[in-house]
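Please treat every number below as a calculation from the coordinates, not as lab data. It should be emphasised that the depicted structure is a prediction, and the values quoted were computed from it without experimental measurement. Using ideal geometry, Cβ is built from the backbone for each residue, glycine included, and neighbour counts are taken over all protein chains shown.
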Amino acid sequence: MATVLVAEDDADIRDLIIFKLEQTGHAVIAVGDGLSALKLAHEQSPEIVLLDVMMPGMSGIDVCRALRQDPETAGLPIILLTARAQESDVETGLTAGADDYIVKPFSPRVLADRVHSVLARTRA
Amino acid sequence: MNTAQLVSLSIAVLAVAVVLLGLVIVTGRALNRQRERRDARLSADVRPLLMELIGGDGGDEISEPLLLLAALDERVWRAVEPSAISMLGKVSGNARVALVRLLEQRGLARTASRDLSGLSAVRRAVAAHVLGLLGHAEAAFPLVRMLSDRNPEVRAAAVRGLGQVGAAGAAGPIISSMTGGRVPFQLVAQALIRLGPKARPALVETLSDGDPAKRAVAVEVLGLTGAVENARALVDVLAGDSSADVRVRAARALGRLGTPVCLDALIHATGPDHPHAVRVEAASALGDLGSPRAVPTLQQLLADSHYHVAHNAARSLARLGKPATAALTETVAERAGTPAASHAWEALAIQDLQAGRLPRLPAPAAR
């Protein structure tokens, strides 16, 4: 299927995402902060990135912007995972270049479906 | 015993006490670390099973991990329980249903209900938190009782819990819990927002309450939850509430609701006979509302003698599309050198910068 880079500082959620994505056949690289995500996005060439918005140090939005500004990673599909359902936060994420967003609390199945559809969209 | 001997003895006793205290602290920490390591080890063994339960798609797929987790030895369960409880607030859909089933089978709801009457405030607050997370309708009544708990943390947990449980009858008690500042405004508002439309009858009733803080929370929540059917009630609040703060919030709420009746009320509220704070908020709310019908009023307000009224009118115009942009451009050209032109130019410049281009019009000369 695909290599998914996951950046999420909450260990419970990170483990659940790893489990669900591996169950659906993806290979998962998981980190707990934005800076490591940025580094691995260059080193491991994932096919899609899943970023938590609120992370220590570098937020998911910051990582998203940095990935979009770098020609090497500008085309990577990005999904944001946010605890904020406020319209303005979603708008900020999409303006930063995210392809989609998932609001917490989330259904693991919906998350897997969303990864699948964003991948399908970008591969088409 | 002379003084010198007394001092020596005191020092010796003190030294022994310090050494003993140090030993107690070190032993306590070592035991804690050991317990944490043991719990982490036990939890790590069972964690994949928990993930299988939550990450499964419901139905038969979850039955095996559910059975295994439900039958876990008490010591092992205690190590994994905090993760299971914390996951309750992080997942939805079948994942949440599976977790609730597991926690019920482990007797969590029963334990939490019993802990509500415990002596320790921490235990009562945790129990209220857990009952809220489980979302059981039958937890509503005991949680309402906890709103009058002597401890503020317990009251806060009960308010949050009631919002999560979502019982319609909880809205009134939640609002009443604000009396005398016993529960903070923000917590009450969040709980009422979670209740959604079910809270509206109680919120509308609160609009005529004698306590301005309760009226303020009712207005705020009606606006935030899109209660368009209650727009007229909010218009009345904007026009005649005795508290300027409540009227300011009503203006903001009407801007969010955005129905025609809101537009007329907000245009009226920008008039000079209204308090300054209400006019400032109404000018801003007209931008939120987004109707081009507000353009003539807002253009007039650019020349208002109150800086913030004129400033907000300009910012609102910048959000109302082409006719409003034309009104701003016209003001810059025709009223050059006036504060109205400065406000209009600033709004246009911000609009340009937000669109990723340099300001189209030259900056007005400094006055």
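Between residue B:148 and residue B:119, the distance separating the two model label sites (each 7 Å from Cα on the Cα→Cβ line) works out to 2.4 nm. Here chain B is assigned +1 on the Cβ of each Lys and Arg and -1 on the Cβ of each Asp and Glu. Its dipole about the Cα centre then comes out at about 760 debye. Applying 1/(1 + (r/R0)^6) with r as the Cβ-Cβ distance of residue B:38 and residue B:8 and R0 = 35 angstrom yields a FRET efficiency of 0.20.
Remark: relative contact order (chain B) = 6 percent; criterion is Cα-Cα distance under 8 angstrom and separation of 6 or more residues.
Convex hull volume of the Cα atoms of chain A, normalised per residue: 91 Å³.
Over segment B:177-321, Cα pairs under 8 Å with separation of 6+ residues give a relative contact order of 16 percent. Phi angles of segment A:32-49 translate, via the Karplus equation with coefficients 6.51, -1.76, 1.60 and θ = phi - 60°, into HN-Hα couplings of x, 8, x, 4, 5, 4, 4, 5, 5, 4, 7, 6, 9, 6, x, 8, 8, 10 Hz per residue; Gly and Pro are given as x. Loop-located GluC sites (Glu not before Pro) across segment B:52-139 with a Cβ neighbour count of 11 or fewer within 10 Å are lacking, with loop assigned by DSSP. 5 Å is the cut-off here: which amide hydrogens, built 1.01 Å from N in the peptide plane, fall below it relative to residue B:338, excluding neighbours closer than 5 in sequence? Hits under the 5 Å cutoff: none.
Candidates A:57, B:176, B:316 compared by Cα position along the dipole of the protein assembly as shown: farthest toward the positive end lies B:176, with charges placed on Cβ.
Per residue, the average separation of C-alpha pairs within less than 8 Å and at least 6 apart gives chain A a relative contact order of 23 percent. Taking every lysine pair in the protein assembly as shown that is 8 or more places apart or spans two chains, those with Cα atoms closer than 28 Å amount to 9. Counts of other chain beta carbons within 10 angstrom of each beta carbon in peptide A:6-16 average 3.
In segment B:185-289, taking the dipole from charged Cβ atoms about the Cα centre, the farthest positive-side position among B:189, B:208, B:289 is held by B:189. Charging the Cβ of each Asp and Glu at -1 and of each Lys and Arg at +1, and nothing else, the dipole of segment B:292-367 about its Cα centre rounds to 160 debye. Counting only alpha carbon atoms, the long axis of helix B:322-334 and the longest principal axis of chain B meet at about 60°.
Normalised by 2.2 N^0.38 Å, with N the number of residues, the alpha-carbon radius of gyration of chain B equals 1.45. Around the Cα centre of the protein assembly as shown, unit charges on the Cβ atoms of Lys, Arg, Asp and Glu (plus for the first two, minus for the last two) sum to a dipole of about 920 debye.
In square nanometres, what is the average projected area of the Cα convex hull of the protein assembly as shown? The number I arrive at for the protein assembly as shown is 35.5 nm². Annotation: amide H-H contacts under 5 Å for residue A:81 (H modelled 1.01 Å from N, sequence separation of 5 or more, or interchain): A:51, A:52, A:53, A:102. Taking label positions 7 Å along the Cα-Cβ direction at both residue A:9 and residue A:121, the computed distance is 2.7 nm, reported to one decimal. In sequence order, segment B:98-105 has phi-based couplings of 5, 5, 4, 4, 5, 5, 5, 5 Hz under the Karplus curve 6.51 cos²θ - 1.76 cosθ + 1.60, θ = phi - 60°, and Gly or Pro positions carry x.
Across segment B:146-160, rounded Karplus estimates of 3J(HN,Hα) from the backbone phi angles (6.51 cos²θ - 1.76 cosθ + 1.60, θ = phi - 60°) give 6, 5, 9, 4, 6, 9, x, 5, 5, 4, 4, 5, 5, 4, 4 Hz, Gly and Pro being marked x.
Taking amide H positions as modeled 1.01 Å from N, with prolines and chain starts lacking one, the residues under 5 Å from residue A:29 and 5 or more places away or on another chain are A:4, A:5, A:6.
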